[in-house]
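Working notes, beginning with the structure itself.
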Amino acid sequence: MVEKRSVTHRINRRAFVAGTSAALAMGMLESEAPSQTGGTSAVKLAIEGGEKAVTRSPGSGMRWGDRELKQLQEMLQQSSLFYWNGPQTALLKKRFQEVCPLKYVQTCSSGTAAIHIAVASAGIGLGDEVITSPITDIGTVIGIIYQQAVPVFADLGPGTYNLDPTDVERRITPRTKAIIAVHLTGNPCDMDRLKDIAKRHNLVLIEDCCQAWGAKYRGRPIGTIGDFACFSLQDSKHVTCGDGGIVATSDERFGPNIQRFGDKGYDRTRGLGLEVFATNYRMSEPQAAVAAAQLTRLEEVASRRYQLGTLLGELLADVPGIIPHQVHPDDRPVYWFYMFRIKPEALRCNRSQFTRALQAEGVQASGGYIAKPLYKEPVFQNHAFFAGRWPVKEMGLTTMDFTKHRCPEAEAILETCIRVPIKEFMDEEYIRQVGAAIRKVARYYSA
Ligand SMILES: *Cc1c(COP(=O)(O)O)cnc(C)c1O
């Protein structure tokens, strides 16, 4: 099955590259032709009064409709809206397992909750260190800190924006218990190397798949390589029920724990007493109904975004002065957004000028992603997690000082990156225009 899928994938990709090289050539003709004929108006930047490179609409559409309505109507026939033994929750779990085949699945209230449940179920606690990415949603580290463990931020690959395995290994100490690999923008991390490191150092490997619904790592479903898969169903993600999450594992050491860590410590299968301390992260049946219906749309959303993001990547491959989003040819990244970097030393402009020029061309570009690496946020700089204090530090269980923490590549990424949205409603012609706009602006500013 996996074999077959990867063959199809390769064929698709080859056809794809062939299709886009023609587009590339066209894009080059478009911007080179005017100078050959002596004209300048066509290459004049829109920000300086020239013509916009993007004339097409990014498209729009509704992400939900009849399928969600039907599922909600079925849900309203039920006498209980509680998750346990709920048919909507059962349907959501079944559909989730078709996307991410893991044995134990717990629905929950958010991606943050999913990761907290994973961390708690893995037995991570007081003073334990968890290595993760400094460029991610804060939800990746909330659960670590609530379990009184210590997030240790490792540096990132300059083009993948994902954990650099060499730097991860460098930051391992005797207290390290886990790695949380964040598949940023839906681009899979280097899971072979991270798994190898986890194995050699006896660490739990948690996959933060919140931005990676439908992604594939070397043909395998995202979330199935590490020990835990954590997904978000928050509104901005590929599929959603407004807010929600799913945590899953096939590990017999942890699997039987995830239900009670998501449900106030109540063990609803074995009927045990309150043996663990946990909070209420339950997802209700109305949310599960919407999420179950949404999962029927996932493959279309994921494959479309993969196709459009890959096209943009091909269009930017030889553009001067920028670093395209680095993805592995045998993976299926699902482009929660597309992010490239500018090389300031190769351009006669800074990021904000580049971004403003792109916006004037009609590209929905925005400079930067999160404001700063997480460790630079005030709550980290002040070590002020619990009423202004951090018990594990006061108790001498960690020497972590976030004011001295450094991830130079992550800092450079946030200073030089530009984000371009990828949505399933866009068409290839629109993406070609976006690619042409980036090429036009980059060429203009190239030294
Ligand atoms: C969205 C997101 C989360 C948190 O998910 P919520 O459902 O918003 O709590 C965690 N990690 C990443 C990478 C995310 O994008």
* Somewhere in the range 396-409, is a residue outside the structural domain of ASP128 (by TED's automatic domain parsing) and under 24 Å from GLY309 (Cα atoms)? -> yes
* Asked: Is it the case that the range 369-384 has a residue that's among the charged types (D, E, K, R) and over 23 Å from GLY159 (Cα atoms)?
  -> yes
* Asked: Going by the conditions given, is LEU194 of a type outside the set (D, E, K, R) and in a strand (DSSP E or B)?
  -> no
* **Any chance ASP192 is free of Cβ contacts under 8 Å to residues at least 60 places away in the same chain, within 23 Å of VAL99 (Cβ to Cβ), over 15 Å from the mean Cα position of the chain (by Cα) and away from the ligand (no atom under 11 Å from the Cβ)** => yes
* To do: Within the range 262-293, track down each residue that is within 16 Å of the ligand (Cβ to nearest atom) and aromatic (Phe, Trp, Tyr).
  => TYR281
* **Hey, PRO151 in contact with a helix residue (DSSP H, G or I) (Cβ under 6 Å, 6 or more places away or on another chain) and assigned to a loop (DSSP other than H, G, I, E, B) or not** => no
* Please specify each residue of the range 166-191 satisfying the condition of being touching a helix residue (DSSP H, G or I) at 6+ places or on another chain (Cβ under 9 Å) and assigned to a helix (DSSP H, G or I). => THR166, ASP167, VAL168, GLU169, THR185, GLY186
* Restricting the search to the range 235-260, which residues are under 20 Å from GLY214 (Cβ atoms), more than 12 Å from the ligand (Cβ to nearest atom) and of a type outside the set (A, V, I, L, M)? -> THR249, SER250
* Conditions: (1) under 21 Å from ALA387 (Cα atoms); (2) within 15 Å of the ligand (Cβ to nearest atom). VAL150 meets all but one. Number of the miss? -> (2)
* Of all the residues that make up the range 331-350, how many are buried (at least 22 other Cβ atoms within 10 Å of the Cβ) and in a loop (DSSP other than H, G, I, E, B)? -> 5
* To do: Restricting attention to the range 199-225, report how many residues are within 14 Å of the ligand (Cβ to nearest atom) and farther than 10 Å from VAL99 by Cα.
  => 7
* **ASP137 of a type in the set (Asp, Glu) and more than 16 Å from the ligand (Cβ to nearest atom)** => no
* Structure fact -> Note on the range 55-110: residues among the hydroxyl-bearing types (Ser, Thr, Tyr) and without any contact (Cβ under 8 Å) to a residue 40 or more places away in the chain are SER79
* Asked: How many residues does the range 361-381 hold that are aliphatic (A, V, I, L, M) and surrounded by fewer than 20 Cβ atoms within 10 Å (Cβ to Cβ)?
  -> 3
* Selection status of THR8, surrounded by 14 or more Cβ atoms within 10 Å (Cβ to Cβ), hydroxyl-bearing (Ser, Thr, Tyr) and at pLDDT below 95 -> no
* Looking at (1) under 27 Å from PRO373 (Cβ atoms); (2) touching a residue at least 60 places away in the same chain (Cβ under 8 Å), which is the only condition GLY214 fails? -> (1)
* Within the range 396-418, is even one residue closer than 17 Å to THR136 by Cβ, in contact (Cβ under 8 Å) with a residue 60 or more places away in the chain, in contact with a strand residue (DSSP E or B) (Cβ under 6 Å, 6 or more places away or on another chain) and hydroxyl-bearing (Ser, Thr, Tyr)? -> no
* How many residues are buried (at least 24 other Cβ atoms within 10 Å of the Cβ) and either within 16 Å of the ligand (Cβ to nearest atom) or assigned to a loop (DSSP other than H, G, I, E, B) (or both) if we restrict to the range 93-131? -> 16
* Filtered residue count, the range 48-105, keeping only those that are of a type in the set (Ser, Thr, Tyr) and in contact with a Ser or Thr (Cβ under 8 Å, 6 or more places away or on another chain) -> 3
* For residues in the range 425-447 being touching a Gly at 6+ places or on another chain (Cβ under 9 Å) and of a type in the set (Asp, Glu), which is farthest from THR310 (Cα to Cα)? -> ASP427
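The values are calculated or read from the model by the stated rules, or taken from the named source; none is laboratory data. Note that the coordinates shown come from a computational prediction; the quantities given were computed from them, not determined experimentally. Heads up, the Cβs are rebuilt from the backbone with ideal geometry, glycines too, and the neighbour counts pull from every protein chain shown.
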